[in-house]
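Notes for the one structure printed next.
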Amino acid sequence: MLKGSLRWRDDFFGVYAVPNPHPHGRLGIVVSRKTSPRAVVRNRVKRQIRESFRGCQEKLDGLDFVVVASPRAGRAQTSALRASLQHLWEKVEQRCKKS
């Protein structure tokens, strides 16, 4: 991992953050076939990640993020994915305010 990077993890996702020189946050998404062999499920997980990031993007300026979905994310309900992502973004925001 890069120097200065921060990491958070829960049952469904891992979030990695590193500062960037841009005034806006950027997002990378990794949803592998280990998450689900079905493309429909992988795309649903990606949509949830994108939508969640859009909702809190203005609070997360100046950081690049990579969100990695775990195999459990493919079997989870949409509401559980949203709650998990919201909790992770709150952790990111608290940590970034401190530093």
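The values are calculated or read from the model by the stated rules, or taken from the named source; none is laboratory data. From a predicted model like this one, the values you see are computed outputs, not experimental measurements. Note: ideal-geometry Cβ built from the backbone for every residue, glycine included; neighbour counts use all protein chains shown. Protein only, heavy atoms only, side chains kept; ligands, DNA and RNA dropped before computing areas. Shrake-Rupley method; radii C 1.70, N 1.55, O 1.52, S 1.80 Å.
Structure values in brief
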quantity	calculated
Percentage relative contact order, the chain, counting C-alpha pairs under 8 Å, at least six apart	38
Other-chain or far-sequence residues with amide H under 5 Å of residue 29's (modelled H)	67
For the chain: lysine pairs under 25 Å (alpha-carbon distance), excluding those fewer than 8 apart on one chain	10
Carbon plus sulfur fraction of accessible area for the chain, probe 1.4 Å, in percent	50
Helix axis angle, 39-56 relative to the chain longest principal axis, alpha carbon, degrees	30
Exposure of residue 35 as accessible area (Å², to 10), given a probe of 1.4 Å and all protein chains	10
Using alpha-carbon coordinates, inclination of helix 78-98 to the longest axis of the chain, degrees	10
Within-12-Å neighbourhood charge of residue 30 [Cβ basis; K, R +1; D, E -1]	+4
Given the chain, longest segment not containing exposed loop trypsin sites (Lys or Arg not before Pro) (DSSP; at most 14 other Cβ within 10 Å)	39-99
